[in-house]
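Nothing in this text is a laboratory measurement; each read-out follows from the coordinates by a stated rule. Since the structure is predicted, the reported quantities are computational estimates derived from the model, not experimental observations. Counting neighbours? That spans all protein chains shown, and the Cβs are built from the backbone with ideal geometry, glycine included.
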Amino acid sequence: MKSALMGTAAALGMVLGTAAVAQEQTFISIGTGAVTGVYYPTGGAICRLVNRDRAEHGIRCGVESTGGSVFNINAIRSGELEFGVAQSDTQFQAIDGSGSFEGEAFEDLRAVFALHPEPFTVVARADAGVRTFEDLRGKRVNVGNPGSGTRDTMELTMERFGMTMSDFSMVSELQPGEQSQALCDNNIDVMTYTVGHPSGAIQEATTACDSVLVNVSGEQIDALVEEFPYYRTATIPGGMYRGNDEDVQTFGVGATLVTSASVSEDVVYAVTRAVFENIDQFRGLHPAFENLDPEQMATDGLSAPLHPGAERYFREAGLIE
């Protein structure tokens, strides 16, 4: 009987211990973008490194495919997400109360770290006669889905070139995963995407049909880059995509990881540490990460205040003073 009681007690202890572990576990979600873009595998790469050490810190990380930058920041604001990937310009607009966040600044938005560069990429059917951004006039153009950073960047670029939606013969708002097929099915002439390279969506558009990457450059873009510190000129190397042997000049932003001031310091510290202490492995998880530099990741394109958890790690690692 004594042995049976001891066995029951031990079993009960194991159950209680398991319950305690389950109770202590913290679940976090990272909002990303379309599965054909770079944001989705970026979230997956971060979660992979976080989950590897979940027995140590008790954090379980999951990825959600979303509408993109603006959606992610609004979902963080509402508490639906703990983290999100967002373009550096969208991060600035959210903290500044401008652009898609006009009059509704998200003061509790916090930066975690910067990620890969994202050139604003315009792809046109080869038979559409589009070689520069101004050639988009009179064409059937996909301007990006509402709630995406691509849409924000497209509208700003149009404004700089003195263009409105009425300048296009047709406007569509397809998701990133839909526009490559629409281009090759001859339903649109032009697709736009602010994305890291190489990109599966651009690969599809240039492989399935004859398509060209379009230069987005000139004095209008030079002035834009000079005015806003989160923009920079960018080059998409020739030969990366079929039928595009020459370098393409454009401009772009950077992808960043953001969160809210309400997310605990320990959680943000653990996420930051998981990536930075395994940076070589992280670089190998996607071609867009190959040239990531930890010092730049701690500072570039971060308009919102650093979250205390990220700041603590960066100071410990000597990445900021």
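Things worth noting here:
- Near Glu80: Cβ cut-off under 15 Å, other residues only, Lys/Arg at +1 and Asp/Glu at -1. The net charge is -2.
- Over all other residues within a Cβ to Cβ distance under 15 Å of Glu219, the charged ones net out to -4, with Lys and Arg as +1 and Asp and Glu as -1.
- The residues neighbouring Gly318, those whose beta-carbon lies less than 15 Å from its own, together hold a net charge of -3 under the Lys/Arg +1, Asp/Glu -1 convention.
- Using the Karplus relation 6.51 cos²θ - 1.76 cosθ + 1.60 with θ = phi - 60°, the per-residue 3J(HN,Hα) values for the stretch 290-299 come to 3, 9, 5, 10, x, 5, 5, 5, 7, 9 Hz, with x marking Gly and Pro.
- Full-extension gain in nm, Thr299 to Arg232, via 0.36 nm per residue minus C-alpha separation: 22.6 nm
- In this structure, the amide hydrogen of Leu174, modeled 1.01 Å from its nitrogen in the peptide plane, lies closer than 5 angstrom to those of Val143, Gly144, counting only residues at least 5 positions away or on a different chain.
- Here the extension length gained between Met165 and Glu134 equals 9.9 nm, from 0.36 nm per residue of separation less the Cα-Cα distance.
- Across the stretch 208-214, computed HN-Hα scalar couplings (Karplus, 6.51 cos²θ - 1.76 cosθ + 1.60, θ = phi - 60°) run 6, 7, 7, 9, 10, 7, 9 Hz from first to last residue, x flagging Gly and Pro.
- The chain: C-alpha pair distances exceeding 32 Å, %: 32
- The phi-based Karplus calculation (6.51 cos²θ - 1.76 cosθ + 1.60; θ = phi - 60°) puts the 3J(HN,Hα) values of the stretch 159-165 at 4, 5, 9, x, 10, 10, 4 Hz, whole numbers, x for Gly and Pro.
- Averaging Cα coordinates gives a centre for the stretch 189-222 and one for the stretch 44-95; these two points are 26 Å apart.
- Equivalent ellipsoid semi-axes - Cα gyration tensor, the stretch 120-253, angstrom: 20, 17, 14
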